[in-house]
Amino acid sequence: MAENLIRLDIVTPAGLLMSENVAALNLPASMGSMGVLKNHAPLMTSLDIGIVKYIKDDKAHFLAVHGGFAEVKENVVIILADSAEKSGDIDVARAMAAQKRAEERLKQREADLDVLRAEMALRRAIIRIKVSQMS
Ligand code: ATP
């Protein structure tokens, strides 16, 4: 691997989303946002719904990542995400519709509402909209 670079692989149930050599990255670890530079200590963490930022060729890139796990080991970061999208692949209209749907469900609070599910859908939608504006 090129000097001072880290390999970042992001895998979702749909397959390999990306595999690139990057200079640095940030992960939405469950315990909080976490930066990874070359020679980071090995670790495994669960992931929250959030943003992965990575730097490649002095440019910042962003992805929406919706839970899963990450492993950091020997300058390779593997993210196994429940779902993830690159900023340019996000369908903003779909995310806005999902946001509206979740907000309405949470407002109406029907007796059989799965509140946690609606809250998670709302968080995914908000992160997608945010990341789509970050490219
Ligand atoms: P929706 O209600 O719009 O389906 P969701 O949050 O329930 O949203 P997920 O279950 O997280 O969707 O994802 C299902 C698949 O659709 C995944 O492959 C995910 O990457 C993709 N996806 C979901 N929303 C979007 C979006 N706004 N733009 C692009 N891909 C999306």
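Since every read-out is calculated from the coordinates, none of them should be taken as a lab result. This structure is a prediction, so every number in the text was calculated from the model and none was measured. Note that we place each Cβ from the backbone using ideal geometry, even for glycine, and neighbour counts take in every protein chain shown.
Taking amide H atoms as placed 1.01 Å from N in the peptide plane, the amide H of Ser83 lies under 5 Å from those of His66, each 5 or more residues away in sequence or on another chain. Taking a sphere under 14 Å around the Cβ of Leu113 and counting the other residues whose Cβ falls inside, with K and R at +1 and D and E at -1, yields a net charge of -1.
If the viscosity is 0.890 mPa s and the temperature 25 °C, what translational diffusion coefficient in µm²/s does Stokes-Einstein give for the chain when Rh comes from Kirkwood over Cα pairs? Diffusion coefficient, whole number: 158 µm²/s.
Peptide packing for 28-40, 60-72, 83-95 was compared via the average number of neighbouring C-beta atoms within 10 Å per residue; ordered from the highest value, the list is 60-72, 83-95, 28-40. Every helix of 4 or more DSSP H residues in the chain counts as -39500 (n - 2.57), and over all residues that averages to -8500 deg cm²/dmol at 222 nm. Coupling constants for the range 62-78 follow from the phi torsions by the Karplus curve (6.51 cos²θ - 1.76 cosθ + 1.60, θ = phi - 60°), and in residue order they are 10, 9, 8, 10, 10, x, x, 9, 9, 10, 10, 7, 6, 6, 10, 10, 10 Hz; glycine and proline get x. Of Arg124, Arg109, Arg7, the sequence from fewest to most neighbouring Cβ atoms within 10 angstrom is Arg109, Arg7, Arg124. Taking the Cα centre of the chain as reference, the dipole from Cβ charges on Lys and Arg (+1) and Asp and Glu (-1) amounts to some 340 debye. Take the Cα of Gln108, go 7 Å toward its beta carbon, and the backbone nitrogen atoms of the range 78-99 under 15 Å from that spot belong to 98-99. Less than 15 Å Cβ to Cβ from Val131, Lys/Arg counted +1 and Asp/Glu -1: what total charge do the surrounding residues give? Its environment carries a net charge of +3.
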